[in-house]
Amino acid sequence: MIITYTSLPKFVKLILPVILLITGSMFAQAQSLLVKRISASFDHARIADVLQEVGKKGGFYFAYNDKLLPKDSLVTFTVTNQTVAGILILLFHNRYEITELKYHIVIAPPRPNLSFNNTDITNENNSYSISGLVVDERSGARLANVSVYAKQQLASTLTDEHGYFQLRFRADNPGQISLTASKLDYKDTSINFLQSVSVSSRQQPSDHDRAANNSRNVERTGAARFFISAKQRIQSLNIPDFFAKRPFQVSLTPGLSSHGLFSPQVVNKFSLNLVGGYTAGVNGLEFGGLFNINRMNSRYLQLAGVFNLVGGTVTGLQAAGVHNRALDTVKGVQFAGFINKAESQVSGLQIAALDNEAHKLKGIQIGLVNRVDTSYGASIGLVNVIGNGFYRVTLSANDLTNTNISLKTGTHNFYTDVLIGVNLAPASKLYMGGFGLGHDFMLNNKVYVSTEAAFHFVNDNGTWDSHLLQGKLLFNVQLSKNISLVAGPTFNRYINSIAFHVSGYKNINHLPKAEDVVGIPPDHTSKNWVGWEVGIAFNSVFKRSLKEVDNSDAWYLGGGATAGIGWDPQKAVYGTELFTMRDLGEHIAGTFTVGYTSFGQESYLGPQPIRLIPVKAGVRLKTGSSFFIGGEVGEAFGLFNQTAYSGIYPYEAATKPYRSLMYAVSAGFSFRRGLETSFTFEDYGLQSNYKQFALRLGYRLKLSK
């Protein structure tokens, strides 16, 4: 029903102006306390007395918490025809929040501010998507249940438990989009987005013009400063905006090119850098024996033995033996032996043995460690540091092992899980280690269901050859911000590596003892069943680190000692090493190491320890103030002879010196005064048992800078 003025009864029409006049006067009076003008003089007066006198002259009262104000502090001042608001500023210098309530002026502590972080907006056919984080401006803590809304578009959402939001709406030519965040006990904050303007002309600006500024960024990186000559950098400053196109170029090193010093101004369809080269870009194929450096874009295929560095966008495939880096976007595949990095967005795939990093991910990452500010895709690795994601440490028990710990990292949409399990029982030992993938179905902020699939290596007989395939349906109930209960069924398929039971280990498949086996046993047996798991989890988020660009170029010399345990059999391993390291900038360092490792087990030819000399080279990536991850590859030389077959007589054994490719991965802490400590895994031969898990303690000296 709609009520209009003409439809009102006659007596209501008569009294309505009076009602409006009275209520309007009351409202004006309630809103005018702070603008009342007062004259007063105070000499060494208590603040409490000043407030009482000002309130008395203005005809109102002050309301405040006794513990909030320094009411016994003494002040001296004189005001003539000054507003109440001006007097309060004189007293408190805007340290408190002042509000009016009827005949009271309320003095309260200031409300903290909200802040938007990592905010991103996309527009496709007038469909807008805005995402980001809302944090406490002072502490940086992420805030849940913050209302985020666009007033003009009447669209709103709430941040999740990690402070992340995503707001979608449609708008035709909105001009300016204003986004506001509001939360109880916080001040509102807003951020404005201006609509992008597309300008059409007969001659569109080229990619070269749009990416010209990236060349300056390329030349500021540690790798470019090391390999690019001063003459080339000066020419880039002198000729920043001129670029040419040629069908091909050949370089020995940067500067020794078929285009000479003009090479950084030329985009080529085919580029061959025998050692390395510095060009404006490639629009076809580029191959570098050691490295490729492009001022702007790389399109279609770029290959390097050690590293690729691109100042603009990578489109297609970028592959390197050690490191790929794009200062803008990757649209395709980055494949590296150790590290991939994209300063902006990855729309495609990043694969690295050690570390992948991107600002925004709309694709897949596969690596030991994956780092993303905002993810709309999937990161598959042992540790995934996701800006809009989480990490979850779970301590649990199940029907196989009574002590389990797992680390889940990623987003609710997709996360990975590293699992370790032990059955602590002297007569039924069992050890497990595995990797899993999962997805959370969010029922609400307090309850969600985790679906997971995992693969485990199992030691149920002294070796790690048995396997467990597992599916989980786990219910999570959030007890507090960081603590939750976890419980649910598991679906298991267990495969034994041998068909008899080893004494002292848990007999999962109810196998007979070795002496009770009749005939030739099968290679393995399997069992399927439904089990259970219950535990408690700690949930939190990774704090975003504000990393400073590191352009140092120092040399280091150091040494270290290792102590660990072998893969099979599990016997003591110890060793020493001597290493050199050079900072390459952007928190990356190159390493070269020569060591000595002794396994406490017998070789094929007798009761002599297995002694190895590993020679390896690699990279180290510093991910925080002191934490680092590293990877190395090289050759292991044995101080013993291995058994081999001559090929002339099938059963005639011969010996030859041991030699094999090897690799190592590590994670640890490198402190400013030179001390280092880390955990490392080293594999001295893929087809051998010469592998170790070790703790390493080292010390380094800075030689120069």
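The values are calculated or read from the model by the stated rules, or taken from the named source; none is laboratory data. Since we're looking at a predicted model, the values are computed, not measured. We place every Cβ from the backbone using ideal geometry, glycine too, and count neighbours over all the protein chains shown.
Of all residues in segment 184-234, those satisfying the criterion of being modelled with pLDDT under 75, surrounded by 17 or more Cβ atoms within 10 Å (Cβ to Cβ) and part of a loop (DSSP other than H, G, I, E, B) are 211, 212. Scanning segment 136-160 for residues that are among the acidic types (Asp, Glu), surrounded by fewer than 18 Cβ atoms within 10 Å (Cβ to Cβ) and assigned to a loop (DSSP other than H, G, I, E, B) gives a single hit, 137.
Each row is one residue, and each column tells you yes or no for (1) without any contact (Cβ under 8 Å) to a residue 12 or more places away in the chain; (2) loosely packed, with under 14 Cβ neighbours inside 10 Å; (3) closer than 21 Å to residue 467 by Cβ; (4) of a type in the set (Asp, Glu).
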{"residue": "402", "(1), (2), (3), (4)": "no, no, yes, no"}
{"residue": "408", "(1), (2), (3), (4)": "no, no, no, no"}
{"residue": "415", "(1), (2), (3), (4)": "no, no, no, no"}
{"residue": "420", "(1), (2), (3), (4)": "no, no, yes, no"}
{"residue": "423", "(1), (2), (3), (4)": "no, no, yes, no"}
{"residue": "427", "(1), (2), (3), (4)": "no, yes, no, no"}
{"residue": "430", "(1), (2), (3), (4)": "no, no, yes, no"}
{"residue": "433", "(1), (2), (3), (4)": "no, no, yes, no"}
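Residue check: residue 157 meets all listed conditions (1) within 29 Å of the chain's Cα centre (by Cα); (2) under 23 Å from residue 193 (Cβ atoms); (3) at pLDDT below 85 but one, namely (3). Among the residues making up segment 579-600, a single one is surrounded by fewer than 18 Cβ atoms within 10 Å (Cβ to Cβ) and modelled with pLDDT under 80: 600. Within segment 114-156, the set of residues being free of Cβ contacts under 8 Å to residues at least 24 places away in the same chain and within 21 Å of residue 478 (Cα to Cα) comprises 141 only. Regarding residue 486, is this residue surrounded by 16 or more Cβ atoms within 10 Å (Cβ to Cβ) and in a strand (DSSP E or B)? Yes, satisfied. Here no strands (runs of 3 or more DSSP E) wholly within segment 84-131 include at least 3 residues being basic (Lys, Arg). Number of residues in segment 332-365 that are surrounded by fewer than 23 Cβ atoms within 10 Å (Cβ to Cβ), under 18 Å from residue 619 (Cα atoms) and at pLDDT 95 or above equals 2.
If you go through segment 521-544 and keep only what is farther than 30 Å from residue 389 by Cβ, part of a loop (DSSP other than H, G, I, E, B) and at pLDDT 65 or above, you end up with 524, 525. Inspection of segment 415-426 identifies at least one residue that is more than 25 Å from residue 569 (Cβ to Cβ) and among the polar types (S, T, N, Q). Kindly indicate whether any position in segment 116-135 is under 30 Å from residue 50 (Cβ atoms) and either out of contact with any His (no Cβ under 7 Å at 6 or more places or on another chain) or loosely packed, with under 13 Cβ neighbours inside 10 Å (or both). There is no residue in segment 116-135 that is under 30 Å from residue 50 (Cβ atoms) and either out of contact with any His (no Cβ under 7 Å at 6 or more places or on another chain) or loosely packed, with under 13 Cβ neighbours inside 10 Å (or both). Pairs only if they're at least six apart or on different chains, beta carbon under 7 angstrom, first in segment 303-323 and on the phi > 0 side of the Ramachandran plot and in a strand (DSSP E or B), second among the basic types (Lys, Arg) and at pLDDT below 95; list them, first residue then second. Pairs that qualify, where the first residue is on the phi > 0 side of the Ramachandran plot and in a strand (DSSP E or B) and the partner is among the basic types (Lys, Arg) and at pLDDT below 95, are 316/299.
For segment 435-458, a tally of residues being aromatic (Phe, Trp, Tyr) and surrounded by 15 or more Cβ atoms within 10 Å (Cβ to Cβ) returns 3. Listed by first and then second residue, the pairs with beta-carbon distance under 7 Å, at least 6 apart or on different chains, first residue in segment 64-90 and in contact (Cβ under 8 Å) with a residue 40 or more places away in the chain, second of a type in the set (Ser, Thr, Tyr), are 79/39; 80/39; 81/39.
Of the residues 509, 461, the single one that is surrounded by fewer than 17 Cβ atoms within 10 Å (Cβ to Cβ) and either of a type in the set (Val, Ile, Thr) or out of contact with any Pro (no Cβ under 6 Å at 6 or more places or on another chain) (or both) is 509.
The residue pairs whose first member lies in segment 506-520 and is at pLDDT 65 or above, whose second member is among the basic types (Lys, Arg), and whose beta carbons are closer than 8 Å, counting only pairs six or more residues apart or on different chains, are 506/429; 508/527; 509/527.
Here is a yes/no grid of residues against (1) modelled with pLDDT of 85 or more; (2) within 23 Å of residue 194 (Cα to Cα); (3) hydroxyl-bearing (Ser, Thr, Tyr):
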position	(1), (2), (3)
75	yes, no, no
82	yes, no, no
86	yes, no, no
99	no, no, yes
103	no, no, yes
117	yes, yes, no
128	yes, yes, yes
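Of the residues making up segment 283-300, those that are more than 13 Å from residue 324 (Cβ to Cβ), of a type outside the set (D, E, K, R) and either in a strand (DSSP E or B) or at pLDDT 95 or above (or both) are 283, 284, 285, 287, 300.
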